[in-house]
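Comments concern the structure below.
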Amino acid sequence: MEILVCIKRAPDTSENEIEVNRDGTDIERDDLVYSVNEWDNYAVEEAIQIRDKMGGSVTVVTVGDEDDEEVIRREMAMGADHGILLSDETFKGSDGRGISAILKAEVEKKNYDLILTGAQADDGAGQVGGILAAMLDWPYASLVNFIDVIDDKKIKVGREIAGGNQEMHEIDLPCVLSIQTGINEPRYVGIRGIRKVASLEIPVHTAGDLGIAPESVGESGARTKRLDYFVPELGEGAEILEGSTEEIIDKLLEFLKAKGGIK
Amino acid sequence: MAQQVFAYIIHKEGVADDTALEMIAAARKLDPDASVAAVIAGAGAELDAVCRELVSSFSEVWKIDNEALAYVNAEVLRRMLVRILPKDGIVLVPHEHFGMDLAPGLSIMLDAAYLPDAVDFEGVEDGKLKAVREEYTGQVSTHVHCDISQGAVITVRPGSFKADESKSASGKIVDKTAEAMEGGLPGGARRFLEVVEAEVGDVDITKSDVLVSVGRGIEDEDNLEMIFDLAEAMGADISCSRPIVDAKWLEKSRQVGTSGQTVKPKVYMALGISGAFQHVGGIKGAPFIIAINKNPKAPIFQAADVGIVDDILDFIPELTDRINEMKG
Ligand SMILES: Cc1cc2nc3c(=O)[nH]c(=O)nc-3n(C[C@H](O)[C@H](O)[C@H](O)COP(=O)(O)OP(=O)(O)OC[C@H]3O[C@@H](n4cnc5c(N)ncnc54)[C@H](O)[C@@H]3O)c2cc1C
Ligand SMILES: Cc1cc2nc3c(=O)[nH]c(=O)nc-3n(C[C@H](O)[C@H](O)[C@H](O)COP(=O)(O)OP(=O)(O)OC[C@H]3O[C@@H](n4cnc5c(N)ncnc54)[C@H](O)[C@@H]3O)c2cc1C
C-alpha cells in the first residue's frame, strides 16, 4: 500500500504560552518550541503500522519552507520511507484551499492508495483533509480513530462522534482520512533516530515542478485572509486567589466547604 | 446582502440539536435582514417531527427525506446538497463531528469559500465578511476576511452564538427530496455500517457531584497518584481531558468533553487543563469551577469561578495534606 501523510510544523501549545506580538501581525515566535502537529504524529504512526502489515511505503509531505524540513526528518526517523518538501515563494499566504491545491498536485504525481492528514492542526481548522478529498474526488472520512485494511480495494474505518461513540464505515480506496488522536500510541523518537536521518537529502518540489499556476495558490488564490491577531476583551473570568500557598489553600478550602466540594 | 443564508440542522431522535437556534443567531449577526432557511436531512416520522419544530424559527425548512439518510452519511448528503443549494448561497454548519465531516468538501463542490470554526461575525463590506476565529486552543484570536461574493460554507463553533429562541417565524416546509435524488443516490464509495456505543466505565462521571479533573499538565503517568490521593481526600470522582485518555492513563469513560462525557457536577476542579472548547463544552449545569494552571493566560480561567496560578505538582500534595489534616 502506498501511503502519503500530510504533516505540518506547529508550535507546541503544551510547551508554550502563545502571545500576540506588539503590532498584532503575528504571534510572538522568537522563543517558541516547534514540533510536528500533534495529530500528524498519530497519522504517521498509523501509516507505518499499515505498511508494516501490508507492505508498500510511507511518504510524508509538507507545504512550507526550509524550517519545516525538521518535521519531515522527525517523521522519517519515526519510520517514514520518504519525505518531500513543497516549497515556493508563490505558496506564501495560502489558505486551506491553497494548501490543499498544492498537495493535490503532489498526490497526482504518483499512485497513492491512501492519504492521511491530521484531524486538525494546533492553530487550525480541520479543513485540509476534506478539501483535498473533494478536489481529488476521492471518498473521505474525518476524525478517524480506527482503521482495518480489508484488502487492496477497501478498508474499514471508525469515526469518532459525540459521547465517545464510534461510527463504522467501509470505504473504497483510494481515499483520504483525517486522523484523530488516540488511534494508536505514536512511537518515541530518540536522538539516535534523528541523527540517522540528519544528512538525508529532502527533495523540494516547486510550483513549476508541480505545474501549479501561481495565481491559483498563495495570497492571490486565497478567499480567506487573516487580518490580525488579538487578545479578546476578557470577561470577568475567575477570581484568582493570591498569597502564600498556605493562604491560598485556606481560601480554597472555604470555597470547597461552601460549595459542597469536600465530603 | 442579497445572498440567501442556509443553516444546516443536526438532529437526533426527532429533536433538533442545540446548535439549530444558535445558527439563526449567527445568520442574523451575518445579515440582520436575512431570511434564514433551515436545511435538514433524515427519514420519516423523526424528520417530520424536527421539521414541525423548526418552522416557528425559520422562514423555510428545506427537507431531504430518504430511508438512506435515516443515519446521515456526510459523503452521501454532501453530493445531495450540491444538487439543491444555489451556488452563491451562504451555508452555516455547526463545527462539530458531523459538520467537520461534511463542510470542507461541500465548499469545494459548490466552488464557495470555506471559513472554518468561526466564533463571531463583525459585518460584511464589499463582499468580504469579517469574522473572528480562535487559534492555539483559544490562547489568541484572529480577525479574518472571507470573500463570500461567490458563496461560502462557514462552520460555526457550538456555543459561540446565543440561541435565538424568539420563535418569530412562521415558515413553510419545502420538500427537496426529488431534486436531491435526481441522478440517483450518490456517495456510494463510503458505506455506513453501524454505531459502536462507548464502553461503560467503572464510574459514571455524569452522575458525580464533585469531579477532580486532570489534564496534560500532570506531565507523567506516575504523577496521577497525587490526583488519586486528592480525590480520595475530597470524596470526589476523577475525570480528565482527552490527552490523558489518548495516552491510555485513564479510561475513555472518564473523558469530559464533546467527544467524551457531558458532566453536571456541583464542583469541578480542573487541574493542568488548558480549557479548549471541546473540553469545556462537556461541562454543563453551571458548576462551581476551580482551575489550577501554571499559565495565568490559560483560557480555562475564563470559564472558572476561582483560579490558582501554580504548578499542580507542587500544589496538589500540599492541598491533599491540608484536607487530610482538617478531617483529622
Ligand atoms: C480563515 C483563515 C484565514 C487564514 N488566512 C491566512 C493568511 O492570510 N495567510 C496565511 O499565511 N495563512 C492563513 N491561514 C492559515 C493557513 O490557511 C493554514 O496554514 C492552512 O490553511 C492549513 O493549515 P490549517 O492549520 O488550517 O490545517 P488543518 O486543516 O487544521 O490541518 C489538518 C491537517 O492538514 C494537513 N496540513 C495542514 N497544513 C499543512 C501543510 N502546510 N502541509 C502539509 N499538510 C498540511 C496536516 O495533516 C494537518 O494535520 C488562514 C487560515 C484560516 C482558517
Ligand atoms: C473533534 C475533537 C474533539 C475533541 N474532544 C475533546 C474532548 O471531548 N475532551 C477534551 O478534553 N478534549 C477534546 N479535544 C482536544 C482539545 O482540543 C484539546 O486538545 C484538549 O482538551 C487539551 O487537553 P489539556 O487541556 O489537558 O492539554 P493542553 O491543552 O496541553 O493543556 C495543558 C495545560 O496544563 C498547563 N500545565 C502544564 N504543566 C503544568 C503544571 N505542572 N502545573 C499546572 N499547569 C500545568 C498548561 O499551562 C496548559 O494550560 C478534541 C479535539 C477535537 C479536534
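Laid out as a table, the results:
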| item | result |
| --- | --- |
| Inter-residue pairs, beta-carbon under 8 Å, first open to solvent by 90 Å² or more (accessible area, probe 1.4 Å) and in the range A:244-263, second assigned to a helix (DSSP H, G or I), 6+ apart | A:K263/B:M234 |
| Strands (runs of 3 or more DSSP E) completely within the range B:227-328 that count 1 or more residues being open to solvent by 20 Å² or more (accessible area, probe 1.4 Å) | B:237-240, B:288-293, B:306-309 |
| Filter pass, B:A276 being within 16 Å of ligand 1 (Cβ to nearest atom) and at the interface with chain A (Cβ under 10 Å from one of its Cβ atoms) | yes |
| Whichever residue in the range B:264-273 is in contact with a strand residue (DSSP E or B) (Cβ under 6 Å, 6 or more places away or on another chain) and within 11 Å of ligand 2 (Cβ to nearest atom) and, among such residues, is nearest to the other protein chains (Cβ to nearest Cβ) | B:A270 |
| Test: B:E199 is open to solvent by 70 Å² or more (accessible area, probe 1.4 Å), part of a loop (DSSP other than H, G, I, E, B) and either out of contact with any His (no Cβ under 7 Å at 6 or more places or on another chain) or away from every other protein chain (no Cβ under 12 Å) (or both) | yes |
| Test: residue in the range B:61-84 that is assigned by TED's automatic domain parsing to the domain that holds B:S168, crowded, with 21+ Cβ neighbours inside 10 Å, modelled with pLDDT of 95 or more and closer than 30 Å to A:L32 by Cβ | no |
| Options B:D111, B:D120: the member that is among the charged types (D, E, K, R), within 26 Å of B:D18 (Cα to Cα) and at pLDDT 95 or above | B:D120 |
| Residue in the range A:3-35 that is nearest to ligand 1 (Cβ to nearest atom), counting only those that are assigned to a strand (DSSP E or B) and open to solvent by 50 Å² or more (accessible area, probe 1.4 Å) | A:R9 |
| Extreme residue, least open to solvent (accessible area, probe 1.4 Å), among residues of the range A:226-238 that are more than 16 Å from B:A286 (Cβ to Cβ) and facing chain B (nearest Cβ under 7 Å) | A:Y229 |
| Those strands (runs of 3 or more DSSP E) lying entirely in the range B:112-158 with at least 3 residues touching a strand residue (DSSP E or B) at 6+ places or on another chain (Cβ under 6 Å), at the interface with chain A (Cβ under 9 Å from one of its Cβ atoms) and open to solvent by 10 Å² or more (accessible area, probe 1.4 Å) | B:128-135, B:140-147 |
| Flag for B:K248 being charged (D, E, K, R), at positive phi and in contact with an Asp or Glu (Cβ under 8 Å, 6 or more places away or on another chain) | yes |
| Residue match in the range A:211-222 (condition: within 9 Å of another protein chain (Cβ to nearest Cβ) and either free of Cβ contacts under 8 Å to residues at least 24 places away in the same chain or within 16 Å of ligand 1 (Cβ to nearest atom) (or both)) | yes |
| Among (1) open to solvent by less than 10 Å² (accessible area, probe 1.4 Å); (2) closer than 13 Å to B:G201 by Cα, the one test that B:I218 misses | (2) |
| The range A:161-180, subset surrounded by 23 or more Cβ atoms within 10 Å (Cβ to Cβ) and within 12 Å of ligand 2 (Cβ to nearest atom), residue farthest from the other protein chains (Cβ to nearest Cβ) | A:I179 |
| Criterion violated by A:V157 - all others in (1) part of a helix (DSSP H, G or I); (2) more than 7 Å from chain B (Cβ to nearest Cβ) satisfied | (1) |
| Given (1) within 12 Å of ligand 2 (Cβ to nearest atom); (2) under 20 Å from A:I48 (Cβ atoms), number of the condition A:Q120 does not satisfy | (2) |
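Every residue, every condition in (1) facing another protein chain (nearest Cβ under 8 Å); (2) within 16 Å of ligand 2 (Cβ to nearest atom); (3) more than 27 Å from the chain's Cα centre (by Cα); (4) of a type in the set (D, E, K, R), yes or no:
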residue	(1), (2), (3), (4)
B:R190	yes, no, no, yes
B:V203	no, no, no, no
B:T206	no, yes, no, no
B:V210	yes, no, no, no
B:R216	yes, yes, no, yes
B:S239	no, yes, no, no
B:I244	no, yes, no, no
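Each row is one residue, and each column tells you yes or no for (1) in contact with a Gly (Cβ under 7 Å, 6 or more places away or on another chain); (2) not assigned by TED's automatic domain parsing to the domain that holds B:L30; (3) not β-branched (V, I, T).
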{"residue": "B:M100", "(1), (2), (3)": "yes, no, yes"}
{"residue": "B:I108", "(1), (2), (3)": "no, no, no"}
{"residue": "B:P116", "(1), (2), (3)": "yes, no, yes"}
{"residue": "B:R157", "(1), (2), (3)": "no, no, yes"}
{"residue": "B:K167", "(1), (2), (3)": "no, no, yes"}
{"residue": "B:K176", "(1), (2), (3)": "no, no, yes"}
{"residue": "B:A189", "(1), (2), (3)": "no, yes, yes"}
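Residue by residue, here is whether (1) within 14 Å of chain B (Cβ to nearest Cβ); (2) over 21 Å from the mean Cα position of the chain (by Cα) holds:
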{"position": "A:I183", "(1), (2)": "yes, no"}
{"position": "A:V189", "(1), (2)": "no, no"}
{"position": "A:V204", "(1), (2)": "no, no"}
{"position": "A:S244", "(1), (2)": "yes, yes"}
{"position": "A:F255", "(1), (2)": "yes, yes"}
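So that you can scan it fast, the table gives a plain yes or no per residue for (1) touching a residue at least 24 places away in the same chain (Cβ under 8 Å); (2) out of contact with any Phe, Trp or Tyr (no Cβ under 6 Å at 6 or more places or on another chain); (3) in the same structural domain as B:D88 (by TED's automatic domain parsing):
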| site | (1), (2), (3) |
| --- | --- |
| B:I9 | yes, yes, yes |
| B:G14 | yes, yes, yes |
| B:K29 | yes, no, yes |
| B:P32 | no, yes, yes |
| B:G42 | yes, yes, yes |
| B:V50 | yes, yes, yes |
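The values are calculated or read from the model by the stated rules, or taken from the named source; none is laboratory data. Just so we're clear, the structure is a prediction, and the values are computed from it rather than from any experiment. Using ideal geometry, Cβ is built from the backbone for each residue, glycine included, and neighbour counts are taken over all protein chains shown. Side chains are part of the model used for accessible areas, which takes the heavy atoms of the whole protein and leaves out ligands, DNA and RNA. Shrake-Rupley method; radii C 1.70, N 1.55, O 1.52, S 1.80 Å.
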